[in-house]
Amino acid sequence: MSNNIKDTIFIGKKPLMTYVTSAIIQLATMPLIKIKARGLSIAHAVDVAQIVLQRTNPAFVIGDVKIDSESLESQDGRTRNVSTIEISIKKRAA
C-alpha cells in the first residue's frame, strides 16, 4: 500500500461535503485513499467515509481502520494525548 500524500485526505474544519467531493474525485483515479483525522475531527472523518460509500455504492468498501494517539505539546507546555484515526477506502474486489 502506498504512503503517498496525494492519496490522503486530512479532515479539518472545512464543510463536510468539501472532503466528500475530494474523496470521490481521488477515488476516480486511485484504487485506494486514506482519510485521516485527529481529535474532534474524527467524527467528521467517519461521516465522510460513510457518505462516500453511500454515493458510490457498491464500487468501494472500507479497508483498514487504524486508531492511535499522538502526544502533543500544548501552548502551556504540557504534553497531551490526542486520538487519531485513519480510514482506508478501496475499490471492491471483482
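The values are calculated or read from the model by the stated rules, or taken from the named source; none is laboratory data. Just so it is clear, the structure is predicted and the values come from calculations on it, not from any experiment. Virtual Cβ from ideal backbone geometry, glycine too; neighbours counted across all protein chains shown.
With respect to Ser41, determine if the residue is modelled with pLDDT of 95 or more, assigned to a helix (DSSP H, G or I) and either farther than 14 Å from Thr8 by Cα or basic (Lys, Arg) (or both). Don't jump to the end; show me each part of the working.
On the way: modelled with pLDDT of 95 or more: yes; assigned to a helix (DSSP H, G or I): yes; either farther than 14 Å from Thr8 by Cα or basic (Lys, Arg) (or both): yes.
Yes: the conditions hold for Ser41.
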Filter the stretch 48-67 down to residues that are in contact with a strand residue (DSSP E or B) (Cβ under 7 Å, 6 or more places away or on another chain) and not β-branched (Val, Ile, Thr) and give me whichever is nearest to Val20 (Cα to Cα).
Ala49
For the stretch 73-91, how many residues are closer than 19 Å to Ile42 by Cα and among the acidic types (Asp, Glu)?
1
For the stretch 50-94, which residues satisfy the criterion of being in a loop (DSSP other than H, G, I, E, B) and either in contact with a helix residue (DSSP H, G or I) (Cβ under 9 Å, 6 or more places away or on another chain) or closer than 17 Å to Ile33 by Cα (or both)?
Asn57, Pro58, Ala59, Arg92, Ala93
Inside the stretch 68-94, can you point out the residues that are farther than 16 Å from Phe10 by Cβ and either in contact with a strand residue (DSSP E or B) (Cβ under 8 Å, 6 or more places away or on another chain) or among the polar types (S, T, N, Q) (or both)?
Ser69, Ser71, Glu73, Ser74, Gln75, Thr79, Arg80, Asn81, Lys90, Lys91, Arg92
When Met1 is run through (1) modelled with pLDDT under 95; (2) over 19 Å from Ile67 (Cβ atoms); (3) not in a helix (DSSP H, G or I), the failure sits at (2)
